[in-house]
Every structure is written in C-alpha cells, then in structure tokens.
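To start, the structure itself, in structure tokens.
Just so it is clear, none of the values below were taken in a lab; they were calculated from the coordinates. Predicted model, so just to flag it, every value in this text is computed and none were measured. Glycine gets a Cβ as well: all are built from the backbone with ideal geometry, and neighbour counts include every protein chain shown.
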Amino acid sequence: MADEVKVDKTLDVKGEICPNPDVRTMTTLEKMEKGQILEVLVDYPLSVERIPRNVENRKHKVLKVEQISGPEHRILIEAKANRE
Amino acid sequence: MNPLIFTGIAVGFAFGFALQRGRFCMNSAFRDIIVMKDLTLLKAVGVAILVAMIGFAVMDKTGVITISPVPFFWGALMVGGFVFGIGMVLAGGCASGITYRLGEGMIGAMMAVLGLTLVGLMTSKGILHPAVTALREATMITLADGSAPTLANLAGVPFWLMALIIAGVVLIVWAAVTKRNGESTETGEKVSVYQSVFKKGWGWKAAGIVIGVINIIAFYSSASAGRMYPLGICGGYWSTTNTLITGVNQMNWLSVTLLSTILGAFVAAKIAGEFKFRAPAPKTLVQTFFGGVIMGFGAAMGGGCNITHILSGVPQLALSSILGGAFLVFGCWFMAYFLFIRPMRNLD
C-alpha cells in the first residue's frame, strides 16, 4: 500500500457492542493532535455506517472506508483537534 | 396448538430480515438522542409506529382485529420500563437489537439473550413472580367497564378515529418541521435495487415503513392464531425455552415468529456479507449478560419489552405502553449518561 497515508494510531474495536466502536473512536480522536491519522478496525455494521457520519459532524475528516472481509471494515480518519 | 401459528414463520422471517437491514434498534434510537445527537434510527421508529397506527385503525374499523392494550398497572410499568431501559444500554441493544445481532453472529448479543431468557423466566413464572403480582395488583387501574385505558376510550372516541387523527396530526407537524429545518432527503450514490435491498443498510424511511407494514400483517396473522396482539419478542424466548426444558409443548405464535425472526436476520446478514461469529472483550460479555438479566426482569415486570410496548402498544394508543415506553426511554438515558456521556465529558 504505497500510496497510503501514515497511520499514527490504530483502534481495534472488532467484536465490540453498540455503541462502543463509536464512542471509543470519538474519545480517541479528541485526544489526538490536528492532522494525525486514526485507523479504526470495526465489524459492527451499524457503526460502519454511523462513524463516518458522526465523525464528519465533529469536524474530523474521513479519508477512507474500506471493506477488509465480511463485516470487517477499516476506516481512516484525520483528526482535526477542535480544542484551542 | 392452532396450526395458524405457523403463519408466524413468514412474518418473523420478514421481521428479522428488516431488522438486520434497517439496523432497527431502539437502544440506539433513544440513546443517540443524547449521546451522538443522531436521530436517524429514532425517525425509523417513528415511521414504524405511524404506519402501524394507520394500519391498526383500518383493521379495527373493518373488524379484522380488536385493540388489546396491555393492562394499566402503572407501578409495574414504571419500574419495568425504567429497569428495561437501563438493561438495554448495558446489553448494547433492545429486544429487537440483540435478536437481529444474534442472527449476525455477535456473541455479546447471545450473552444478553441468555440473561434475558433466564431471569425473564424467573420473573414471569419462577421465584421472582410474586413481586410482579404484588406490584401489578397494588397499582392496577381499569376503566368502569373493566377495560384498560387508551387515548381513545379515555376521550370517548372510537379507536380508529383517534388513531387516524393522531397519525394525521403527527405527519403534518413532522412535515412542517422537516420543511422549516430544510432537511435534505436521503441521497447517496446510485446503486441497483438489488444492492440497496440486500447489500447496503436501509435508510430510515424504508426501514420504518417496512417494519410498520410487517407489524400490521403480524397483528392479522397473530389474531388468526388466537393471539390478539401484534409483534413482541421476549415472550417468545420464554415459551421456547420453557418447551425445551420441560418437554411440554408451549410453542405459540410468538415463539414460532421469534425463531423465524432470528433466521431472517441470519439470512439477511449472510447475503450482505455481514455474518460472522465475533466477540468483544470478556468484561463486555459479562456486562451484556448482566444487561440481559436486567432486561428480562424489566420486561417480565412491565408486561413487555420495547417491541410489545413501543412498536405494538403505542400504535394501539395504550396508556400502559405510553407510560412504560416513556420510562424505558428515561432508563436508557439514565444509564447512557453514566456509561457514555460522563466519560466523554471528562476528556478535557
């Protein structure tokens, strides 16, 4: 994956129950520096749909949502730390 | 055993399929009003209730069904609803949510179903049952003619008329609010019908309409089999388990429908490529089991889960289901505050 961006942090929430993948994605992003890249590994279908939607609402940027296999997805997010 | 209980196979299969495709879970719907400020699933629940309300009105007017509200034992409804709401946050899903995720292969949901079945049986039939009887008897209110109160009979209006008025008013207000907020309709990339039905998650409108229509058919199917009530869930787990343990056949329309619901969700997940056995951390498994335990107690105490009360009882305008449903939402918010909102606030 040569053209891939550098991932600063990986969050593996596979198997987790609702809404832990969402909440942990949000709390992790809040702690990251502006411009850092978070990789989320998630296999809960509702969160795969919901995380990109809610992450954008909170001013972070979704770079990529890709299916790995079956319900497993990989979401790449660029953190835009809102804090001063 | 009435052979018409097997019409529940078709109803349940469609219900499970729609639950999985629509990600229809009331725990997410109510919790995300305050946690994620995301109203997508709440809108799906609203549409499903409105569609069912209109369908029940027509069936009541034509005499196909008789409106059958859950009795108004207010103390048990408040306690049961609140407790159930707390439990579903811990379990990571309401009764319909954990049922469709059982079909998706999520072990966390299986643990919740185990807890719900075990303690639900203990409460509905076993050693905890005296508490249920005592609280229900102490707080039971019936109308002069012995019937359970609904918004229709309290106002002295026929059910079908009241239901159509309420559904009409809600639709008009909803349309006005949507217009004022300038909400865009659902958009997205163009996909084939096959893709949008079998591969991608359904939008809230489609999910709400389909589940509402299934509940209308469910009421007819269930009534034909001698059970005058639309969809439910928890009672199906209990009668199935009772049959397995005692060897005495206690299968009814609801248990047949429930088993078929799990199958429908499994097939939907399989086609969409979303089926896989997967488990969270052991700590979470303990939490979901405990959540299921609390849900089981709440449902048995309050006369039903979120499907019995909110999806099936509210469209019948039952005062019991409106009260129980409201306390279920309060319980959900109470627990969500401690589990998600406070930890998210403590970041800074």
Boolean, A:Asn20 is within 11 Å of chain B (Cβ to nearest Cβ) and buried (at least 16 other Cβ atoms within 10 Å of the Cβ): yes
Test for B:Ser147: is it assigned to a loop (DSSP other than H, G, I, E, B) and polar (S, T, N, Q): yes
Scan of region B:98-141 for residues that are among the hydrophobic types (A, V, I, L, M, F, W, C), over 17 Å from B:Ile233 (Cβ atoms) and crowded, with 19+ Cβ neighbours inside 10 Å, ordered by number: B:Val132, B:Leu135
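Hey, among B:Gly296, B:Gly292, which residue is of a type outside the set (A, V, I, L, M, F, W, C) and either under 30 Å from B:Val157 (Cα atoms) or more than 14 Å from chain A (Cβ to nearest Cβ) (or both)?
Within the list B:Gly296, B:Gly292, the selection yields B:Gly296.
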Residues (buried (at least 20 other Cβ atoms within 10 Å of the Cβ), assigned to a helix (DSSP H, G or I) and either touching a Leu at 6+ places or on another chain (Cβ under 6 Å) or aliphatic (A, V, I, L, M) (or both)) located in region B:150-165: B:Ala152, B:Met162, B:Ala163
Residue in region B:68-75 that is farther than 21 Å from B:Gly304 by Cα, assigned to a loop (DSSP other than H, G, I, E, B) and among the hydroxyl-bearing types (Ser, Thr, Tyr) present: no
Count of residues meeting criterion [assigned to a helix (DSSP H, G or I), among the hydrophobic types (A, V, I, L, M, F, W, C) and within 29 Å of B:Lys283 (Cβ to Cβ)] in region B:99-144: 13
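Can you work out which of the residues in region B:1-33 that are aliphatic (A, V, I, L, M) and buried (at least 24 other Cβ atoms within 10 Å of the Cβ) is nearest to B:Glu104 (Cα to Cα)?
B:Leu19
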Test set (1) without any contact (Cβ under 8 Å) to a residue 40 or more places away in the chain; (2) not in a helix (DSSP H, G or I) - B:Met251 fails condition number: (1)
Region A:29-51, subset surrounded by fewer than 18 Cβ atoms within 10 Å (Cβ to Cβ) and either touching a Pro at 6+ places or on another chain (Cβ under 6 Å) or outside any strand (DSSP E or B) (or both), residue farthest from the other protein chains (Cβ to nearest Cβ): A:Gly35
Residues being in a loop (DSSP other than H, G, I, E, B) and within 11 Å of chain B (Cβ to nearest Cβ) - total across region A:67-81: 2
Members of region B:25-51 that are at the interface with chain A (Cβ under 8 Å from one of its Cβ atoms) and outside any helix (DSSP H, G or I): B:Cys25, B:Val35, B:Met36, B:Lys37, B:Asp38
Selected residue (criterion: nearest to the other protein chains (Cβ to nearest Cβ)) from residues of region A:1-17 that are part of a loop (DSSP other than H, G, I, E, B) and aliphatic (A, V, I, L, M): A:Ile17
B:Ala95 being surrounded by 17 or more Cβ atoms within 10 Å (Cβ to Cβ), more than 19 Å from B:Leu244 (Cα to Cα) and within 13 Å of chain A (Cβ to nearest Cβ): no
Tally of residues being surrounded by fewer than 18 Cβ atoms within 10 Å (Cβ to Cβ) and at the interface with chain B (Cβ under 8 Å from one of its Cβ atoms) across region A:52-66: 2
Test: B:Ile271 is part of a helix (DSSP H, G or I), over 14 Å from the mean Cα position of the chain (by Cα) and within 14 Å of chain A (Cβ to nearest Cβ): yes
Checking B:Leu258 against (1) within 14 Å of chain A (Cβ to nearest Cβ); (2) touching a residue at least 40 places away in the same chain (Cβ under 8 Å), the condition it does not meet: (1)
Residue that is nearest to the chain's Cα centre (by Cα), among those in region B:202-218 that are surrounded by 22 or more Cβ atoms within 10 Å (Cβ to Cβ) and closer than 13 Å to B:Phe17 by Cβ: B:Ile211
Residue match in region B:274-296 (condition: in a helix (DSSP H, G or I) and more than 14 Å from B:Ala112 (Cα to Cα)): no
Sole residue being under 23 Å from B:Phe24 (Cβ atoms) and out of contact with any helix residue (DSSP H, G or I) (no Cβ under 9 Å at 6 or more places or on another chain), chosen from A:Pro52, A:Pro71, A:Pro19: A:Pro52
Candidate set: region B:189-214, residues that are part of a helix (DSSP H, G or I) and of a type in the set (Phe, Trp, Tyr); chosen: the one nearest to A:Asp43 (Cα to Cα): B:Phe198
